[in-house]
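Trainee: Questions regarding the structure given below will be posed in turn.
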Amino acid sequence: MESFCMFLLLVAGSALPCLAANPKTSLLYPYGKTQGDSENPVADDGNSPEITINKPFSFYGKKYNSLFVNNNGVVSFGKYVSEYTPSAFPLKEGIPFVAPFWADVDNRVSGSIFSRQTEDSVLLSRFAEDLGRYRADVSFIPVWMFIATWYKVGYYGSASDKVNTFQVVLATDGEISFIMLNYADIQWTTGTGNDGDIYTGLGGTPAQAGFDSGDKENYYNIPGSRTDAKLGSASPHLTVRPSRCLTAELSVARGPPGKEEVITPAECHGKAGFCLRLLPFLLP
């Protein structure tokens, strides 16, 4: 079967290998109570309160000043998301959101969901360096970041010790926005409410990953989302290695006249002008 990290790194039908993380460097950005994070309530299908963010964040060409961190693996703008059954984008509800791992997470079973915004210079520099490793042609110095981490979270109806750890990082320099998805450990894909197996957390309607602008026209489904074929739901085992995906809001020009830096649109569903592009990156 294909590994789940390969599912997350499939772009336009091209499978990319997953490489092991450098044991000296954590894939995830720092998180948890010791970092000053807030923690979501322990609740099935719960969410954080609406979080006012210190810098406007541009997503599909629209700027947002607040967001929600939802227990079921979603960061949304304008409204919380309690739905536990993942659907392909676009959604009829019209809620703009980022889905690193939309599935039936249940932190009553296990795990914690942390989040914070930061303007810490060390973390901002780290993000710039991480981006530079993969896109040396893009000059990007963030001034603000938001980090949400799902740490060792279980699935609804679980009768196992299988847990997932993943993270989304939003970053902006005031003009261009990037979204980084970090997957440290993925052991399950489906809760029992979506016909997943009680012992394996596989089968049924697997997790969805991608981006939805909420306007029903601009969206991106990461290829392989919600498909048994990609996830190998018949297998009782899921082999995953750390992986990372990075997106950029494109079609942005900046700089002095005649010397503008232009990030051009890539293939995606939506109108020309702006869209999100999935950039698959391998760990060192």
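The values are calculated or read from the model by the stated rules, or taken from the named source; none is laboratory data. Quick caveat: nothing in here was measured; it's all calculated off a predicted structure. No Cβ is skipped: glycine too gets one built from the backbone with ideal geometry, and neighbour counts run over all protein chains shown. Please note that ligands, DNA and RNA were not included when accessible areas were found on the heavy atoms of the full protein model with its side chains. Shrake-Rupley method; radii C 1.70, N 1.55, O 1.52, S 1.80 Å.
Trainee: Quick one: in the range 67-81, of everything that is under 17 Å from the mean Cα position of the chain (by Cα) and of a type in the set (Gly, Ala, Ser), which residue is nearest to Val143 (Cα to Cα)?
Mentor: That would be Ser76.
Trainee: Further, regarding this structure: Given the conditions (1) among the aliphatic types (A, V, I, L, M); (2) open to solvent by 10 Å² or more (accessible area, probe 1.4 Å); (3) modelled with pLDDT of 95 or more, which single one is not true for Val75?
Mentor: That leaves (2) as the condition not met.
Trainee: Which residues, counting only those in the range 105-147, are open to solvent by 60 Å² or more (accessible area, probe 1.4 Å), assigned to a loop (DSSP other than H, G, I, E, B) and of a type in the set (D, E, K, R)?
Mentor: Scanning the range 105-147 gives Arg108, Glu119, Asp120, Asp137.
Trainee: Taking the range 162-183 only, how many residues are under 12 Å from the mean Cα position of the chain (by Cα) and not β-branched (Val, Ile, Thr)?
Mentor: 8
Trainee: Okay, next question. Out of the residues in the range 180-209 that are open to solvent by less than 10 Å² (accessible area, probe 1.4 Å) and hydroxyl-bearing (Ser, Thr, Tyr), which is farthest from Ser121 (Cα to Cα)?
Mentor: Thr190
Trainee: So, in the range 139-186, of the ones that are aliphatic (A, V, I, L, M) and in contact with a Gly (Cβ under 8 Å, 6 or more places away or on another chain), which residue ends up farthest from Val42 (Cα to Cα)?
Mentor: Filtering the range 139-186 for residues that are aliphatic (A, V, I, L, M) and in contact with a Gly (Cβ under 8 Å, 6 or more places away or on another chain), the one farthest from Val42 (Cα to Cα) comes out as Val143.
Trainee: Might you let me know whether the range 54-65 holds any residue that is farther than 18 Å from Trp144 by Cβ and modelled with pLDDT of 95 or more?
Mentor: no
Trainee: Out of (1) among the hydroxyl-bearing types (Ser, Thr, Tyr); (2) assigned to a loop (DSSP other than H, G, I, E, B); (3) in contact with a strand residue (DSSP E or B) (Cβ under 7 Å, 6 or more places away or on another chain), what's the single condition that is false for Thr200?
Mentor: If we test Thr200 against (1) among the hydroxyl-bearing types (Ser, Thr, Tyr); (2) assigned to a loop (DSSP other than H, G, I, E, B); (3) in contact with a strand residue (DSSP E or B) (Cβ under 7 Å, 6 or more places away or on another chain), just (3) comes out false.
Trainee: Residue by residue through the range 90-104, note down the ones that are in a loop (DSSP other than H, G, I, E, B), open to solvent by less than 10 Å² (accessible area, probe 1.4 Å) and hydrophobic (A, V, I, L, M, F, W, C).
Mentor: The one that is in a loop (DSSP other than H, G, I, E, B), open to solvent by less than 10 Å² (accessible area, probe 1.4 Å) and hydrophobic (A, V, I, L, M, F, W, C): Ala103.
Trainee: State the number of residues belonging to the range 148-179 that are open to solvent by less than 20 Å² (accessible area, probe 1.4 Å) and out of contact with any Asp or Glu (no Cβ under 7 Å at 6 or more places or on another chain).
Mentor: So the answer is 13.
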